[in-house]
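To start, the structure itself, in structure tokens.
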There are 2 protein chains.
Amino acid sequence: MDKVFASIITIGDELLIGQVVDTNSAWMAQELNKIGVWLHHRVAIGDVKEEIVRALEEEGKRSHVVLITGGLGPTADDITKPVLNEYFGGKLVVNEEALDRVKAIFRRLNMPETAMLERNLKQAEVPDTCTVIQNAKGTAPGMWFEKDGKVFQFTMPHIGHRTLLTAGIGESALAEHIKDFEEALPAHFKLAYLPNFGMVRLRLTANGAIATQIEQELDTQFSTLQAIIPDVTVVNEDIPMEELIGRLLLQKNATLATAESCTGGYIAHLITAIPGSSAYFNGSIVSYSNQVKKEVLQVSEETLATDGAVSESTVKQMVTQVRRLLHTDYAIAVSGIMGPGGATPDKPVGLVWIAVADAKQVVTKQFNFRFDRTRNIQLTAISALNLLRLLIVDNQS
Amino acid sequence: MDKVFASIITIGDELLIGQVVDTNSAWMAQELNKIGVWLHHRVAIGDVKEEIVRALEEEGKRSHVVLITGGLGPTADDITKPVLNEYFGGKLVVNEEALDRVKAIFRRLNMPETAMLERNLKQAEVPDTCTVIQNAKGTAPGMWFEKDGKVFQFTMPHIGHRTLLTAGIGESALAEHIKDFEEALPAHFKLAYLPNFGMVRLRLTANGAIATQIEQELDTQFSTLQAIIPDVTVVNEDIPMEELIGRLLLQKNATLATAESCTGGYIAHLITAIPGSSAYFNGSIVSYSNQVKKEVLQVSEETLATDGAVSESTVKQMVTQVRRLLHTDYAIAVSGIMGPGGATPDKPVGLVWIAVADAKQVVTKQFNFRFDRTRNIQLTAISALNLLRLLIVDNQS
């Protein structure tokens, strides 16, 4: 069985000077993966005609399917469409359906049709050599080209994945621990280690002709893997920690609040990014100033004076009060020094105190992160959620 | 003068199935740009020996400098180092300095040296054909190879940018407005449109041999551009809205608080992601539940019953109370329906009410966003910050 290979060409100078992070390609990669198309090459190039033509030539030889993204806007720097038109040897014609869509967007924005500029109308122009894919979200239509009159008929292979999140073990030690398992994997299997935020995701991948057979083999191997590392497994799915927390709270019909100093609302943001989180998340007090810690979270003047805002006693009072004030079953509190400023001789950048609480107990833990502000905030948030997870799971057992 | 061209090769299956977004390349692109190296090709490939060798061949021909990232971990799926070793025809030897660094990291983590595994020690191995670049952040050393004994001596060209953020005008209308300016730009200039969050960034780029001359030309052209669009210009630098807000508040020696329902702490997170934000940001009340709106933010029972949580009267009360409770000069309040759930017949997904306030006035505005949850949250946050910006700027004039 032949594999179907795909390439992605991303066009835009902003990708080459680092002004924009390419999230579109990651999404397309996911979608290709779902339908069994093997993305084996991703290329980013600038808004330069010669580079675009060269990439079309090269990727056309390399892959069966080439996806091109970028440069379809209405402005002069977006040269993709004219270059494609020339490359595939057509001429630009107005597509009526695309034009209707441009007009509809203007109506929806309460702008008169007379406000439409020639460049808006130009967005409805497409090469007559392509099949138009209408754009439900914007004004620029998608385009489908076939080169040399070939129509490909493929038998798609099946690609399956299982992902498992571990915590509390380093990448090396984990690899050592599952060495025998890894070495015994069949040739059509692959195991990948994806470390992030002090945790490691393990991704098991297999491919083959018969979907049911591959999925069954994956189930078997994945069960074996899980049986080796139950103590460090956080969840046996590829979901983020905040989604797992949501599920655990829903299962217990329990609620959560956060009191955040150094994370500045980031934990609340992670939690509320999950649809349906209003069922278990009541809210947060972001106590960035000491005044809010004192007046809203009732941290005592004395604690702040003697132990300071970044201390075990402060996060204990924060977590207790936010749980009471927001009437929740569980609560998280964090206070720390994220950098680059704010360090004192005995409290370095990266020092963080975290507290989690339920009706029966308050658990505290000190952390020392050694990264920059952005990463320290992320690590604090994930560590706090993991500490809460352990408290919830502990309650269940 | 010759340009120095660079390529980036990113290695890792996770990039090809979309499990990870490639932020490393964006950073490297920025750094190359700063030193005048012209990144013209970025390639992502999987952990496959043949693909890595082929990419090395191709990019080696295409560019003067090739940066390779990914796959230097201690696990079996990380094949980059052995492949590079073979490609450049050397043998792996232990680098003592790198070994010392691995040992030092174990000491810092309070792990005994005996806990080091062979695979940790292997991280200190490097091909004897490379120059080692010590890694200050982790255990895997960097490697510098030169092929065919060539040592390049370059005169670097200078690449300069000016970026300007606009709001309140669409990409097409903006392009139309500055058409004459754009058409009159010299050939070594480029103008790019980067739309995001309903705003458009304009990036002016120029390159040439003499840095001072290029910078001077850029200043002149950028001044001309600014003079054409003062009414829609937010800031004439490439900084995010939250950093601009921070500067404005610092200039006025003023403080800010937020009361967030639908954004769930995201606005507070954006603001506190900026170093030094504790000088002007007191905190936030994330009132995800109606109970918090009532008890902490004093929204009246009657308002919630008659107008609902997503209403002008609710955000008015939220903004007034959070400003009072957190003792700030300015405040922001938001309430809306982010989707996918939560819509009612008269309140669709994307409906958002925003209020901003100072001592003298409360300004409210209704928005209707039409995207998914993630993007609706982002748009609400940026729109709220922009409304605050207008209030602050209005006070100044």
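The values are calculated or read from the model by the stated rules, or taken from the named source; none is laboratory data. All of these numbers come straight from a predicted model, not from anything done at the bench. Here the Cβ positions follow ideal geometry from the backbone for every residue, glycine too, while neighbour counts run over all protein chains shown.
Scan the stretch B:186-212 for residues that are surrounded by fewer than 17 Cβ atoms within 10 Å (Cβ to Cβ) and among the aliphatic types (A, V, I, L, M) and jot them down.
Passing the criteria: B:Ala187, B:Ala209, B:Ile210, B:Ala211.
Would you confirm whether or not the stretch A:38-52 contains a residue that is more than 7 Å from every other protein chain (Cβ to nearest Cβ), of a type in the set (Gly, Ala, Ser) and touching a Ser or Thr at 6+ places or on another chain (Cβ under 9 Å)?
no
Out of (1) over 20 Å from the mean Cα position of the chain (by Cα); (2) under 20 Å from A:Lys179 (Cβ atoms), what's the single condition that is false for A:Gly208?
(2)
Would you pick out the residues in the stretch A:1-31 that are acidic (Asp, Glu) and facing chain B (nearest Cβ under 8 Å)?
A:Asp13, A:Glu14, A:Asp22, A:Glu31
Consider the stretch A:357-387. How many of its residues are buried (at least 23 other Cβ atoms within 10 Å of the Cβ) and over 25 Å from A:Pro195 (Cα atoms)?
Counting residues in the stretch A:357-387 that are buried (at least 23 other Cβ atoms within 10 Å of the Cβ) and over 25 Å from A:Pro195 (Cα atoms) gives 1.
Are there any helices (runs of 4 or more DSSP H) wholly within the stretch B:103-218 with 3 or more residues that are of a type outside the set (Gly, Ala, Ser) and at pLDDT 80 or above, and if so which?
Qualifying helices (runs of 4 or more DSSP H): B:171-177, B:179-183.
Name the single residue that is nearest to the other protein chains (Cβ to nearest Cβ) among those in the stretch B:190-227 being hydroxyl-bearing (Ser, Thr, Tyr) and within 19 Å of A:Gly12 (Cα to Cα). Spell out the reasoning first.
Of all residues in the stretch B:190-227, those hydroxyl-bearing (Ser, Thr, Tyr) come to B:193, B:205, B:212, B:220, B:223-224.
From the residues that got through so far, the ones that are within 19 Å of A:Gly12 (Cα to Cα) too are B:193, B:205.
Values: B:Tyr193: 4, B:Thr205: 7 Å.
Filtering first and then ranking leaves B:Tyr193.
Can you tell me how many residues within the stretch A:299-334 are in a helix (DSSP H, G or I) and within 20 Å of A:Lys347 (Cα to Cα)?
13
When you go through A:Glu260, A:Glu301 one by one, which is the residue that is over 25 Å from A:Thr166 (Cβ atoms), of a type in the set (Asp, Glu) and at the interface with chain B (Cβ under 9 Å from one of its Cβ atoms)?
Checking each option against the conditions leaves just A:Glu260.
I'm checking my understanding of the structure. Among residues of the stretch A:207-218 that are in contact (Cβ under 8 Å) with a residue 12 or more places away in the chain and out of contact with any Leu (no Cβ under 9 Å at 6 or more places or on another chain), which one is farthest from A:Gly36 (Cα to Cα)? Let's see the steps before the verdict.
Restricting attention to the stretch A:207-218, the residues satisfying the condition of being in contact (Cβ under 8 Å) with a residue 12 or more places away in the chain are A:207-211, A:214-215, A:217-218.
Cutting the leftovers down to out of contact with any Leu (no Cβ under 9 Å at 6 or more places or on another chain) gives us A:207-211, A:214-215, A:217.
On the way: A:Asn207: 9, A:Gly208: 10, A:Ala209: 10, A:Ile210: 12, A:Ala211: 10, A:Ile214: 12, A:Glu215: 13, A:Glu217: 17 Å.
This residue is A:Glu217.
Inspect all residues belonging to the stretch B:72-85 and state whether any of them is over 28 Å from the mean Cα position of the chain (by Cα), of a type in the set (Lys, Arg) and more than 9 Å from chain A (Cβ to nearest Cβ).
Yes - at least one qualifying residue is present in the stretch B:72-85.
Would you mind telling me which numbered condition in (1) in a loop (DSSP other than H, G, I, E, B); (2) away from chain A (no Cβ under 12 Å) B:Arg370 fails?
(2)
Any chance the stretch A:253-268 includes a residue that's part of a helix (DSSP H, G or I), of a type outside the set (A, V, I, L, M) and within 19 Å of A:Asp329 (Cα to Cα)? Can you show your working first?
Within the stretch A:253-268, the subset part of a helix (DSSP H, G or I) is A:266-268.
From what's left, of a type outside the set (A, V, I, L, M): A:266.
Narrowing further to those that are within 19 Å of A:Asp329 (Cα to Cα): none.
Checked the stretch A:253-268: no residue is part of a helix (DSSP H, G or I), of a type outside the set (A, V, I, L, M) and within 19 Å of A:Asp329 (Cα to Cα).
Look at the stretch A:1-47 and say how many of its residues are in contact (Cβ under 8 Å) with a residue 40 or more places away in the chain, under 18 Å from B:Thr205 (Cβ atoms) and of a type outside the set (Asp, Glu).
Qualifying residue count for the region: 3.
Filter the stretch A:75-102 for residues that are in a helix (DSSP H, G or I) and of a type in the set (Phe, Trp, Tyr) and give the result.
Within the stretch A:75-102, A:Tyr87 is the sole residue that qualifies.
Does the stretch A:291-298 include one or more residues that are within 12 Å of chain B (Cβ to nearest Cβ), without any contact (Cβ under 8 Å) to a residue 60 or more places away in the chain, part of a loop (DSSP other than H, G, I, E, B) and over 18 Å from the mean Cα position of the chain (by Cα)?
Scanning the stretch A:291-298, I find at least one residue that is within 12 Å of chain B (Cβ to nearest Cβ), without any contact (Cβ under 8 Å) to a residue 60 or more places away in the chain, part of a loop (DSSP other than H, G, I, E, B) and over 18 Å from the mean Cα position of the chain (by Cα), so the answer is yes.
Conditions tested, residue by residue: (1) assigned by TED's automatic domain parsing to the domain that holds B:Gly350; (2) β-branched (Val, Ile, Thr); (3) in contact with a strand residue (DSSP E or B) (Cβ under 7 Å, 6 or more places away or on another chain); (4) within 27 Å of B:Arg373 (Cβ to Cβ).
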{"site": "B:Leu250", "(1), (2), (3), (4)": "yes, no, no, no"}
{"site": "B:Ala257", "(1), (2), (3), (4)": "yes, no, yes, yes"}
{"site": "B:Ala268", "(1), (2), (3), (4)": "yes, no, yes, yes"}
{"site": "B:Ile271", "(1), (2), (3), (4)": "yes, yes, yes, yes"}
{"site": "B:Ser289", "(1), (2), (3), (4)": "yes, no, yes, yes"}
{"site": "B:Lys293", "(1), (2), (3), (4)": "yes, no, yes, yes"}
{"site": "B:Leu297", "(1), (2), (3), (4)": "yes, no, yes, yes"}
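Can you tell which of A:Ile267, A:Ile285 is facing chain B (nearest Cβ under 10 Å) and without any contact (Cβ under 8 Å) to a residue 60 or more places away in the chain?
A:Ile285 is the lone residue from the list that is facing chain B (nearest Cβ under 10 Å) and without any contact (Cβ under 8 Å) to a residue 60 or more places away in the chain.
Listed residues B:Val310, B:Val286; which is touching a Phe, Trp or Tyr at 6+ places or on another chain (Cβ under 8 Å) and either surrounded by 18 or more Cβ atoms within 10 Å (Cβ to Cβ) or not aliphatic (A, V, I, L, M) (or both)?
B:Val310 is the lone residue from the list that is touching a Phe, Trp or Tyr at 6+ places or on another chain (Cβ under 8 Å) and either surrounded by 18 or more Cβ atoms within 10 Å (Cβ to Cβ) or not aliphatic (A, V, I, L, M) (or both).
Between A:Val315, A:Val319, A:Val292, which is out of contact with any helix residue (DSSP H, G or I) (no Cβ under 7 Å at 6 or more places or on another chain), under 15 Å from B:Gly283 (Cβ atoms) and buried (at least 23 other Cβ atoms within 10 Å of the Cβ)?
A:Val292
For A:Lys61, state whether it is part of a loop (DSSP other than H, G, I, E, B) and surrounded by fewer than 18 Cβ atoms within 10 Å (Cβ to Cβ).
Criteria not met by A:Lys61.
Residue check, A:Lys34 against (1) facing chain B (nearest Cβ under 8 Å); (2) within 22 Å of the chain's Cα centre (by Cα), all met but one. Which one?
Failing condition for A:Lys34: (1).
Considering the stretch A:26-56 alone, what residues qualify as being outside any strand (DSSP E or B) and under 21 Å from A:Tyr87 (Cβ atoms)?
Once the filter is applied, which keeps residues that are outside any strand (DSSP E or B) and under 21 Å from A:Tyr87 (Cβ atoms), the stretch A:26-56 yields A:Met28, A:Gly46, A:Asp47, A:Val48, A:Lys49, A:Glu50, A:Glu51, A:Ile52, A:Val53, A:Arg54, A:Ala55, A:Leu56.
Name the single residue, out of those in the stretch A:29-56 being modelled with pLDDT of 90 or more and either assigned by TED's automatic domain parsing to the domain that holds A:Asn207 or out of contact with any helix residue (DSSP H, G or I) (no Cβ under 9 Å at 6 or more places or on another chain) (or both), that is farthest from A:His158 (Cα to Cα).
That would be A:Glu50.
Output the number of residues of the stretch B:335-349 satisfying the condition of being surrounded by 12 or more Cβ atoms within 10 Å (Cβ to Cβ) and assigned to a strand (DSSP E or B).
Matching residues across the stretch B:335-349 total 3.
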